[in-house]
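*Asks:* Take a look at the following structure, please.
The values are calculated or read from the model by the stated rules, or taken from the named source; none is laboratory data. All of these numbers come straight from a predicted model, not from anything done at the bench. We place every Cβ from the backbone using ideal geometry, glycine too, and count neighbours over all the protein chains shown.
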Amino acid sequence: MAEIWEDLQCAGLGIYRDTEGFSYGHDAVLLANFVRANRNDHVLDLGAGTGIVSFLVHAKTGAGICAADISERCCRLMEKSVAKNGLSKAIKVYEADLRLLPDARLPWESFDCICCNPPYFSGGTESPNSVRQQSAHQTSCTISEVAACARRMLKNGGRLFACYPVFGLSRFCAALEAEMLAVKRICFVRSKCGKAPYLFLAEAKKGGKSGLVFEADIILEES
């Protein structure tokens, strides 16, 4: 499999990615910009892929990141990227199935923040490429499993940051509520002004009270 080095156009950072694997989209960049974390926060990136969210969140906040992904191939690429970027003290890579967390390396209720760009699709034609399939389709995890993992891994009062397609908004909110994660902030994303939103970014708080803020929509292409 061919590897390429891609410049992230941010703080001199880049990542290795597999040309045959799933590349990141603008949803990952939007999610990283949406995350609110402090330098001293302990952040977990679930389903990190090749590490785009981890690198951008660290660049933005200075926080230490634990990047976990089920794919051995993605984890090896992340490790190479971490080394080339000189961030071995700031970003740690773990090959892990979020459905089986916590474990001895990533303990229970030890994170202040979790970010996750989960697989969205539960139907349609699945890619024969296993990495692409895991990245896009809910074969390796569902939003309910992401929420359950977040409840186990977050400290009380810790926050989950995620993006999800608008067609799954009710399912997303129900899954988080079932795990005592109160949605506190939502931002819709539109491709153009006048178009219906197709994606949303959400922040949820473990053990949080009711109260939801809708932020101004992000419009990717101004008319």
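*Asks:* Of the numbered conditions (1) at pLDDT 95 or above; (2) closer than 21 Å to Val29 by Cβ, Cys193 satisfies every one except a single condition; which is it?
*Replies:* The one condition Cys193 does not meet is (1).
*Asks:* Contact list please: Cβ distance under 7 Å, first residue in the range 73-96 and surrounded by fewer than 16 Cβ atoms within 10 Å (Cβ to Cβ), second residue assigned to a helix (DSSP H, G or I) and aliphatic (A, V, I, L, M), pairs at least six apart or on different chains.
*Replies:* If the second residue must be assigned to a helix (DSSP H, G or I) and aliphatic (A, V, I, L, M), the pairs left are Ser88/Val82.
*Asks:* How many residues, within the range 170-197, are over 19 Å from Arg151 (Cβ atoms), surrounded by fewer than 16 Cβ atoms within 10 Å (Cβ to Cβ) and either of a type outside the set (Ser, Thr, Tyr) or in contact with a helix residue (DSSP H, G or I) (Cβ under 6 Å, 6 or more places away or on another chain) (or both)?
*Replies:* 5
*Asks:* Another question about this same structure. Would you kindly identify the strands (runs of 3 or more DSSP E) lying entirely within the range 1-108 that contain at least 2 residues that are farther than 24 Å from Ala150 by Cα and charged (D, E, K, R)? Lay out the reasoning, then the answer.
*Replies:* Working: elements: 3-7, 14-18, 42-46, 64-69, 91-95.
Strands (runs of 3 or more DSSP E) meeting the threshold: 3-7, 14-18.
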